[in-house]
């Protein structure tokens with residue numbers, strides 16, 4: 001790609017961001033707060049010290065895992081609304097290993113991550129099978145399985161994994177120390193293992209989508225499933241494998257939430273990360289390399305939201321408004337740009353028709 005075209009694409013990407021920031025500044029001004037003060041407090045809440053920055057990173061890691069997985073299903077033209085349930089099932093499978101297996105720390109940690117990938121992959125496979133084999137729309141299948149996953153969490157916490165003091169909906173018993181992922185330090189509580197995992201997942205998915213037969217099959221299925229089938233692409237298998245791989249990555253996100261963030265299994269362990277990851281995938285437009293930057297912005301916004309309430313008496317829902325405006329503006333701008341391109345190319349096609357007729 002030449003530099004001029006790269007700058008053009010970069011400029012187009014910045015326009016929706018600028019518009020969303022202007023709209024947000026207007027809303028903050030209407031609330032009687034200086035937008036610059038709001039931005040300063042937001043940054044202070046996310047980066048005031050190592051502990052605050054660690055919270056941002058600890059949200060960024062699972063959000064990035066889930067978003068990378070969603071890029072795969074979006075490439076195949078699939079709305080994987082069930083990714084939140086896949087995160088939850090990954091957390092349940094990892095918790096099962098943490099609470100019942102007695103292994104040395106390295107083996108136990110590896111077993112928990114593998115179990116989370118298996119659980120998330122199986123939950124994703126259910127959505128894919130319902131879609132490919134039974135014709136159930138993936139949105140309906142995903143929403144139903146999300147609810148089942150949440151109910152399964154409540155059952156395990158109040159039943160087999162209830163704390164010694166009796167039934168509780170708060171959490172399972174704390175995981176043993178050897179089950180917890182090692183952290184960099186007491187001040188900077190992030191997992192280097194998961195940081196490496198995010199980078200590896202990013203590279204593998206990027207290369208798989210660009211340079212493998214499976215990646216081409218995903219793109220063909222996403223563009224036109226019927227044409228892909230006529231060309232020999234196994235569309236049903238492609239759909240199912242897309243959900244499985246996405247579920248595996250979402251399962252790792254669930255393991256991180258359980259093993260690092262909470263150190264136990266809790267209700268709504270996903271924290272809505274799956275639904276936020278859908279917004280990230282929409283903004284990234286199937287471009288894997290954009291995902292970590294978008295997820296970092298979202299994580300920083302959420303990390304600093306509490307500071308807005310403390311310092312400026314602004315409701316933390318403002319961050320959700322910012323995210324929603326950003327996604328809506330990006331989608332509207334993309335639709336308008338595509339419509340303009342289609343309209344501008346129409347005269348050129350019309351102009352070539354006399355030549356074809358003359359020939």
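In region 97-129, what count of residues is obtained for those that are surrounded by fewer than 21 Cβ atoms within 10 Å (Cβ to Cβ) and more than 18 Å from residue 175 (Cβ to Cβ)?
Within region 97-129, the subset surrounded by fewer than 21 Cβ atoms within 10 Å (Cβ to Cβ) is 99-108, 110-111, 114, 118, 122, 125, 129.
Checking which are more than 18 Å from residue 175 (Cβ to Cβ) leaves us with 118, 122, 125, 129.
Of the residues in region 97-129, 4 are surrounded by fewer than 21 Cβ atoms within 10 Å (Cβ to Cβ) and more than 18 Å from residue 175 (Cβ to Cβ).
Here residue 95 fulfils each of the conditions (1) farther than 19 Å from residue 157 by Cβ; (2) more than 19 Å from the chain's Cα centre (by Cα) apart from (1).
Residues that are surrounded by 14 or more Cβ atoms within 10 Å (Cβ to Cβ) and touching a residue at least 60 places away in the same chain (Cβ under 8 Å) were ranked within region 221-234; the one that is farthest from residue 121 (Cα to Cα) is 225.
Across region 35-66, what is the total count of residues that are farther than 18 Å from residue 190 by Cβ and in contact with a helix residue (DSSP H, G or I) (Cβ under 8 Å, 6 or more places away or on another chain)? Give the derivation first.
Of all residues in region 35-66, those farther than 18 Å from residue 190 by Cβ come to 35-44.
Add one more test, that the residue is in contact with a helix residue (DSSP H, G or I) (Cβ under 8 Å, 6 or more places away or on another chain), and what stays is 35, 37-38, 41-44.
Within region 35-66, residues that are farther than 18 Å from residue 190 by Cβ and in contact with a helix residue (DSSP H, G or I) (Cβ under 8 Å, 6 or more places away or on another chain) number 7.
Given the condition under 15 Å from the mean Cα position of the chain (by Cα) and under 27 Å from residue 44 (Cα atoms), answer yes or no: does some residue in region 243-253 qualify? Checked region 243-253: at least one residue is under 15 Å from the mean Cα position of the chain (by Cα) and under 27 Å from residue 44 (Cα atoms). In region 267-284, the qualifying residues are those that are farther than 18 Å from residue 191 by Cβ and over 13 Å from the mean Cα position of the chain (by Cα), and the one that is surrounded by the most Cβ atoms within 10 Å (Cβ to Cβ) is 267.
A short reminder: the numbers here are calculations on the coordinates, not readings from a lab. Computed from a predicted structure; not experimentally measured. Note that each Cβ is placed from the backbone with ideal geometry, even for glycine, and that neighbours are counted across all protein chains shown.
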